[in-house]
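A short worksheet on the structure shown next.
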Amino acid sequence: MPSRTVRNVDRSLIRDKAKLIRRETVRLTDICGSGHYGSSFSMAEIVALLYYQLLHVRADEPRWADRDRFTMGKGHAAIGLFPVLADLGFFPAEWLDTYSRMGSFLGDHPEMKKVPGIDFSSGSIGHNLSVSVGMALGARLKGSPARAVCLMGDGEMNEGQIWEAAQAGAHYGLDNLVGIVDINGAGSDGDPQQTLRSEPLKEKWEAFGWNTIVLKDGHDIDATFDALNRALNAPDGRPACVLAYTVAGKGVSFMEGTWQWHLGFLGPKDIERAYAEIDAGEHMSQSEKYRANPPAPGMAYMSAELKKTIDLAESTVTDDFDERSWDMVVSLGLSRQLTTGRTLIELAEAGHDDIVVCTADLGRPTQVIGFGQTYPDRYFNFGIAERNMIGAAAGLATMGLTPVISNYSFFLALISATPTCR
Ligand SMILES: Cc1ncc(C[n+]2csc(CCOP(=O)(O)OP(=O)(O)O)c2C)c(N)n1
Ligand SMILES: [Mg+2]
């Protein structure tokens, strides 16, 4: 199957575009009131290399039949993709100023029917690799040189559909299909390896028949180019998977390596700090550090100094933070009025030994984490794997227990069939 020409691009351009992604993520989050900083910053170099050097797309002809297809399993990080599409001319830059506003085409997940350059909608994690399988099959059938590339999260590896798609990709020998896993050590409830371990990923993808490329530092532009180029342009009869070890929040010191900034909002003082650090390119020197001492898979990335300032169970805000800033954990402090967790604890205290609580990487946002801390033996976090959670809850019920599922309902109702959760 096809490999395609690679544009000759200076590394400084890629570095600048990665900065653009981070800067615009900060700016658009300011418009929106909350945003996925951590997820966007971790993919910045990968997305910059794809769009400015490797993928074949046409901004003036977004539906060009032979374009490479890019989908985002981790659709919640679209905030980092929209600025690139605007910069390339897929839509007017002014659209960015309307991000998340009523009537805007740009919401917090990519929508294929509204945004030129978006090849498929997403938001409900886990189904875009299947879409990419279909795109790769279609390209082959039509004799098109198009490749299908899907960017996924490490938490997303918990979804069973990923492995269904992995089987299909290998079975059909789709060497025009590339999966990229952004292994940033962050998900909603913490490091996905602690929530529900999916490592060893290399062995798994290899066993599923994929050409598996381990990228130790997804912020090292040369190494990232090399890995992506090999995946895209050295077809060998198998689909390729790049396992990119990255750092959540990369580029802003107080966000780097913390899953708490998966979702958050910067107050005026911290926003200026963030811009200054992004502009200074601080993250590049940090990359050197990680390259010299690559973290073990599954290890939470967090500096010792930062760790001291953080109580992982509660808040990350310290004295020198702008009090108007909040990260996910702090925002949960604001939503303690959610009574589910407290009520469940009260029921358990009243003697209901039958209660067991199940969640799918949404224990903190739905506030049942407190039950988990009080009754760890009766709290099961199944990772981002809703079907398995529901099946396991049914099994628990057959054993005389009373399972309570705590999750966002739309991720239970709309799994896999829906193109978007919005
Ligand atoms: C099916 C589904 N379940 C839950 C969510 C809610 N959710 C949004 S982001 C996220 C964590 C994602 O972690 P990961 O896949 O590692 O992506 P990252 O943001 O770290 O790149 C979750 C659970 C969702 N969007 N879709
Ligand atoms: Mg992640």
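The values are calculated or read from the model by the stated rules, or taken from the named source; none is laboratory data. Please read these numbers as outputs of a predicted model, since none were measured by experiment. Ideal geometry is used to build each Cβ from the backbone, glycine not excepted, and the neighbour counts take in all protein chains shown.
Those residues that are part of a strand (DSSP E or B), within 13 Å of ligand 1 (Cβ to nearest atom) and either of a type in the set (Ser, Thr, Tyr) or farther than 15 Å from Ala165 by Cβ (or both), I need them from segment 180-216; list them, please. So that I can check it myself, show each step before the final result.
We begin by selecting, within segment 180-216, every residue part of a strand (DSSP E or B); these are 180-183, 211-215.
Now restrict to residues that are within 13 Å of ligand 1 (Cβ to nearest atom): 180-183.
Selection gives Asp182, Ile183.
Among the residues of segment 190-209, those identified as buried (at least 22 other Cβ atoms within 10 Å of the Cβ) and either at pLDDT 95 or above or farther than 30 Å from Gly363 by Cα (or both) are Ser198, Trp205.
Based on what the data block shows, is Glu164 assigned by TED's automatic domain parsing to the domain that holds Met43, within 16 Å of ligand 1 (Cβ to nearest atom), closer than 19 Å to Ala385 by Cα and under 19 Å from the mean Cα position of the chain (by Cα)? Give the steps one after another, and end with the answer.
Working: assigned by TED's automatic domain parsing to the domain that holds Met43: yes; within 16 Å of ligand 1 (Cβ to nearest atom): yes; closer than 19 Å to Ala385 by Cα: yes; under 19 Å from the mean Cα position of the chain (by Cα): no.
When the stated conditions are applied, Glu164 does not pass them.
Picking from residues in segment 186-203 that are touching a residue at least 40 places away in the same chain (Cβ under 8 Å) and charged (D, E, K, R), the one that is nearest to ligand 2 (Cβ to nearest atom) is Asp191.
Across segment 121-135, the number of residues qualifying as in a helix (DSSP H, G or I), out of contact with any strand residue (DSSP E or B) (no Cβ under 6 Å at 6 or more places or on another chain) and touching a residue at least 24 places away in the same chain (Cβ under 8 Å) comes to 2.
Looking for something under 29 Å from Gln260 (Cα atoms) and within 16 Å of ligand 2 (Cβ to nearest atom) - is there at least one such residue anywhere in segment 46-58? Write out each step before concluding.
Step one: of segment 46-58, the residues under 29 Å from Gln260 (Cα atoms) are 46-51.
Subsequent filtering for residues that are within 16 Å of ligand 2 (Cβ to nearest atom) retains 46-47.
Looking through segment 46-58, at least one residue is under 29 Å from Gln260 (Cα atoms) and within 16 Å of ligand 2 (Cβ to nearest atom).
Filtering segment 365-381 to residues that are outside any strand (DSSP E or B) and within 16 Å of ligand 2 (Cβ to nearest atom) leaves only Pro365.
Out of all the residues in segment 144-172, which are within 16 Å of ligand 2 (Cβ to nearest atom) and either over 14 Å from Ser130 (Cα atoms) or surrounded by fewer than 19 Cβ atoms within 10 Å (Cβ to Cβ) (or both)? Lay out the reasoning, then the answer.
We begin by selecting, within segment 144-172, every residue within 16 Å of ligand 2 (Cβ to nearest atom); these are 150-159, 162.
Within segment 144-172, Gly153, Asp154, Gly155, Asn158 qualify.
The set of residues in segment 93-116 being more than 21 Å from Ser34 (Cα to Cα) and under 19 Å from the mean Cα position of the chain (by Cα) consists of Met112 alone.
Given the condition within 30 Å of Thr5 (Cβ to Cβ) and crowded, with 16+ Cβ neighbours inside 10 Å, answer yes or no: does some residue in segment 97-107 qualify? No, segment 97-107 has no match at all.
Scanning segment 353-385 for residues that are free of Cβ contacts under 8 Å to residues at least 40 places away in the same chain and in contact with a helix residue (DSSP H, G or I) (Cβ under 8 Å, 6 or more places away or on another chain) yields Gln367, Val368, Gly370, Phe371, Thr374, Tyr375, Arg378, Tyr379, Phe380. Taken over segment 1-45, the criterion of being closer than 22 Å to Val57 by Cβ and in a loop (DSSP other than H, G, I, E, B) is satisfied by Met1, Pro2, Ser3, Arg4, Thr5, Val6, Arg7, Asn8, Val9, Asp10, Met43.
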